[in-house]
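Take a look at the structure set out below.
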Amino acid sequence: MGWLAFVLFFLIFLLILRGYPVAFTLGGLSILFSLVIIWIYPEYLSFSDLRLLPFRIMGVISNYVLIAVPLFIFMGIMLEKSGLAESLLETMASLFGNIPGGLSVSVIIVGALLAASTGIVGATVVTMGLISLPTMLKKGYSAELASGTIASSGTLGQIIPPSIVLVLLADTMSSSAGSANIDVGTMFSAALIPGCLLVLFYISYVLIYARIHPEKAPKFSPEEVAKLRGDGYFFKVVKAFLLPMLLILAVLGSIFTGLASPTEAAAVGAFGAILLTLIQKKFSMSVLKEVMQQTTHLTSMVFMILLGATTFTLVFKSLHGDDYLVQLIMQAELSSLWFLIIVMLIIFVAGFFIDFIEIIFIVVPVVTPIFVAFEMDLVWVGILIALNLQTSFLTPPFGFSLFYLKGVAPKEVTTKHIYKGIIPFIIIQLIFLFLIIAFPSLVHLLD
């Protein structure tokens with residue numbers, strides 16, 4: 001009766017597309033569906049299977065690794081309030097403004113630094129949209145290039161650690177893979193090189209574009225560069241780089257050297273974000289209160305979805321949906337590579353319509369046992385999924401990065417400009433995804 005598990009899967013997917021709340025759709029429909037199955041087919045599912053649900057929920061609530069989620073969210077929102085992005089963008093503009101496309105390069109580098117410091121896509125896109133988009137348009141940059149650069153660089157926080165996506169992926173894949181355990185720190189180290197390479201791909205595209213169309217990505221005049229640099233330029237550069245780099249080293253360095261677990265490093269990052277906000281003279285009790293409220297809101301949303309997903313996974317596995325899928329794949333005689341490509345395609349298409357959190361909690365638990373059966377490297381697969389999920393922020397009609405940017409963009413920047421601007425960056429990400437598929441050793445260079 002494994003096919004019944006997939007009836008549940010598609011019913012949930014359809015209801016989510018209709019706009020029903022994800023957490024309650026996952027949990028509520030799974031319970032209702034299981035009660036119907038118990039009534040019709042009591043030999044395949046019983047109340048004793050559902051008695052495991054409280055233990056599963058308590059396992060999620062008491063999961064030590066997941067404590068990192070609210071801490072990283074707090075760190076990201078606090079850094080947004082610190083004004084660090086503004087000083088970084090000004091410094092980058094002074095460094096690269098004298099080359100064609102220099103402002104776009106600055107935005108990408110700042111996006112990467114904020115990704116390694118915050119990991120909050122909405123905060124990064126909104127901040128850079130408010131600060132850099134009007135400046136880029138004023139300097140003569142095309143609306144497509146400016147909006148595409150900001151929207152795509154804001155999503156780098158999904159792949160560059162410390163990333164909430166990687167934390168959730170590691171936990172979800174570990175719980176779905178049986179004896180195979182995926183450490184968050186291992187996932188972080190595996191994502192670092194691909195994340196940095198993706199930044200280089202973005203920069204290369206911008207420089208080539210500016211070379212071909214210099215009128216759409218003009219450089220600053222010598223007078224403008226001199227004005228930006230001004231007095232105390234060296235001190236400004238050091239200060240702008242030093243603060244975020246110290247935080248990045250404190251968080252990632254403590255994980256990679258084994259001094260702290262990802263959860264402990266997240267606590268260090270949260271405390272470090274408070275210190276940076278103090279140094280920037282932006283800290284106040286009202287700011288702290290606002291940050292804590294936003295952190296509570298986002299954390300509650302993530303964990304409600306996670307509890308609903310836990311319910312769905314229990315019912316799905318109780319109906320032997322995972323065994324049924326393994327059997328189907330083996331009977332179809334699909335190779336591991338073809339199965340991987342099909343999963344990547346499903347996740348990419350799903351990203352047009354639903355959020356990355358929903359994809360992680362709905363799709364990943366279903367396909368992970370197949371990857372285990374194929375004896376595939378789950379860390380490599382996890383990085384591929386993370387790269388694929390990054391595109392879900394850029395793909396219309398429901399790309400959240402596009403919504404964030406449109407909400408703060410000047411009136412002259414239309415939705416059409418934003419959609420046209422992100423197409424080259426989506427293509428770059430897909431090319432890069434296939435590059436990681438072709439060269440899996442790229443995720444293990446830091447092992």
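Estimated from helical segments only, the mean residue ellipticity of the chain at 222 nm is -24000 deg cm²/dmol, where each DSSP H run of four or more residues counts as -39500 (n - 2.57). When peptides 186-193, 347-354, 257-264, 103-110 are ranked by their average number of other Cβ atoms within 10 Å per residue, the highest-first order is 103-110, 186-193, 347-354, 257-264.
The fewest-to-most ranking of 75, 128, 292 by surrounding Cβ atoms within 10 Å reads 292, 128, 75. Projected onto its three principal axes, the C-alpha set of the stretch 145-293 covers 61, 41, 31 Å, listed from the longest axis down. When peptides 310-316, 240-246 are sorted by average Cβ neighbour count within 10 Å, with the highest value leading, the order is 310-316, 240-246. With a simple spin-label model that places each label point 7 Å from the Cα along the Cα-to-Cβ direction, the separation between residue 58 and residue 323 comes to 2.7 nm. Normalised by the number of residues in the chain, the mean separation of alpha-carbon contacts (under 8 Å, six or more apart) gives a relative contact order of 29 percent.
Taking all C-alpha pairs of the stretch 2-444, those more than 28 Å from each other amount to 51 percent. Note on residue 446 and residue 412: the model spin-label points, each 7 Å out from Cα along the C-beta direction, lie 4.1 nm apart. Candidates 9, 273, 127 compared by Cα position along the dipole of the chain: farthest toward the positive end lies 127, with charges placed on Cβ. Modelled this way, with points 7 Å down the Cα-to-C-beta line, the labels at residue 284 and residue 353 are 4.6 nm from one another. Diffusion coefficient of the stretch 305-447 by Stokes-Einstein, Kirkwood radius over Cα pairs, 37 °C, 0.692 mPa s: 195 µm²/s.
What FRET efficiency, computed as 1/(1 + (r/R0)^6) with R0 = 51 Å and r the Cβ-Cβ distance, is obtained for residue 138 and residue 177, rounded to the nearest 0.05?
Working: r = 51 Å, r/R0 = 1.00.
Computed FRET efficiency for residue 138 and residue 177 comes out at 0.50.
Suppose the chain between residue 297 and residue 51 were pulled fully straight at 0.36 nm per residue; how much longer would it get relative to their current alpha carbon spacing?
Computed gain between residue 297 and residue 51 is 85.6 nm.
Add +1 for every Lys or Arg and -1 for every Asp or Glu among the other residues with Cβ under 11 Å from the Cβ of residue 37, and state the total. Taking every Cβ under 11 Å from that of residue 37, the sum is -2. Here the mean projected area of the convex hull built on the C-alpha positions of the stretch 1-85 is 8.3 nm². Would you list which lysines come within 26 Å of residue 236, measuring only between C-alpha atoms, while excluding same-chain residues fewer than 8 positions from it? List returned: 81, 138, 139, 219, 227, 281, 282. Peptides 164-174, 265-275 ranked from most to least packed, by the mean per-residue count of other Cβ atoms within 10 Å: 164-174, 265-275.
Every read-out reported here was derived from the displayed coordinates using simple, explicitly stated rules and does not represent laboratory data. The shown structure was predicted, so the numbers you read here are calculated from the model rather than taken from an experiment. Neighbour counts run over all protein chains shown; Cβ positions are idealised from the backbone, glycine included.
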